[in-house]
Amino acid sequence: VQIIGAGPDATVLDAQSAGARAITMLNTYPDARVSGLKMINANWATNGSNWGSPGTVGIALYLYHSRGTVSDCVAMNNTAPRPGGGNGSPGYPAGTFHADISDLVFSNCIVSGNSSTSSYAEGFLAAGISIEGGRAFLSNCSVTSNSTTGATLAGWGFGRGSRVYLNGTGELRNCLVCANSGASDVHPSRPIHGQGIYVAGGAWTIHNTTIVTNRNRGATADSQQLFVALSLIHISEPTRL
């Protein structure tokens with residue numbers, strides 16, 4: 001399956017009032033391709049299957065068991081607006097671009113000005129790009145000015161990885177992660193961790209990447225046993241690795 005536009009200024013997928021994400025690609029092997037598109041105005045959320053699992057995955061773009069490339073794409077003004085989590089209510093959001101158990105290259109993409117809200121914040125993932133399992137290579141991508149709001153119900157915990165969430169194996173190279181924000185409504189002392197990049201698992205290399213003016217920590221790793229290699233990095237926020 002290949003969805004190829006003439007460039008994000010010429011080919012726009014406007015999901016306004018559609019009640020769905022712009023693109024869903026499932027079990028596409030071995031040559032998935034999404035290129036030259038702008039995905040805007042998705043405004044939706046889906047139910048979680050149980051407590052602790054995501055509901056809305058891929059607010060604009062969702063890839064599952066796919067192998068291929070996502071290039072020269074823009075995602076702007078997409079939102080998962082409804083709070084909730086668990087069986088029968090909207091699950092927590094995970095990614096404007098979300099890749100699940102896939103092998104993908106993201107290149108020359110812009111994910112900017114997207115937002116999500118969840119009351120089940122303990123497993124809250126990125127509003128920008130989230131990778132869950134598999135492998136990913138992100139090159140020359142910009143993840144900027146995205147926002148999350150979590151823990152809108154009293155008693156819940158903290159979100160993880162507001163902008164770029166990584167769990168698997170791969171590399172970020174020549175990327176910009178800038179001016180992203182996130183907050184907990186009821187636990188100001190327990191902020192959403194890793195506002196820039198959150199490494200939840202696996203082995204990742206982050207090279208020649210700028211991580212600046214994100215709220216709270218710029219980069220966070222979930223375990224000291226993870227392998228995170230940093231080189232030629234500019235980080236302006238506190239970092240925990």
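Kindly provide the set of residues from region 191-216 that are open to solvent by less than 40 Å² (accessible area, probe 1.4 Å), assigned to a loop (DSSP other than H, G, I, E, B) and modelled with pLDDT of 85 or more, ordered by number. Across region 191-216, the qualifying residue is only Thr209.
Tallying residues that are touching a Ser or Thr at 6+ places or on another chain (Cβ under 7 Å), open to solvent by less than 40 Å² (accessible area, probe 1.4 Å) and without any contact (Cβ under 8 Å) to a residue 60 or more places away in the chain within region 8-36 yields 4.
Criterion first (in contact with a strand residue (DSSP E or B) (Cβ under 8 Å, 6 or more places away or on another chain), in a strand (DSSP E or B), of a type outside the set (Phe, Trp, Tyr) and over 25 Å from Asn180 (Cα atoms)) does Met39 satisfy it? Let's see the steps before the verdict.
On the way: in contact with a strand residue (DSSP E or B) (Cβ under 8 Å, 6 or more places away or on another chain): yes; in a strand (DSSP E or B): yes; of a type outside the set (Phe, Trp, Tyr): yes; over 25 Å from Asn180 (Cα atoms): no.
It is false that Met39 is in contact with a strand residue (DSSP E or B) (Cβ under 8 Å, 6 or more places away or on another chain), in a strand (DSSP E or B), of a type outside the set (Phe, Trp, Tyr) and over 25 Å from Asn180 (Cα atoms).
Among the criteria (1) over 27 Å from Pro81 (Cβ atoms); (2) part of a loop (DSSP other than H, G, I, E, B); (3) not acidic (Asp, Glu), the one Gly68 does not fulfil is (2). Could you list all residues from region 144-176 that are at pLDDT 60 or above, open to solvent by 30 Å² or more (accessible area, probe 1.4 Å) and not in a strand (DSSP E or B)? Passing the criteria: Ser145, Asn174. Residues that are among the hydrophobic types (A, V, I, L, M, F, W, C) and at pLDDT 95 or above number at least 1 in the following strands (runs of 3 or more DSSP E) confined to region 91-143: 97-107, 110-112, 129-139.
The values are calculated or read from the model by the stated rules, or taken from the named source; none is laboratory data. Keep in mind that what you see is a predicted model, and the values were worked out from it rather than measured. Please note: Cβ atoms are built from the backbone with ideal geometry, for glycine as well, and neighbour counts cover all protein chains shown. When the accessible area is computed, the model is the full protein with side chains, heavy atoms only, and any ligands, DNA or RNA have been set aside. Shrake-Rupley method; radii C 1.70, N 1.55, O 1.52, S 1.80 Å.
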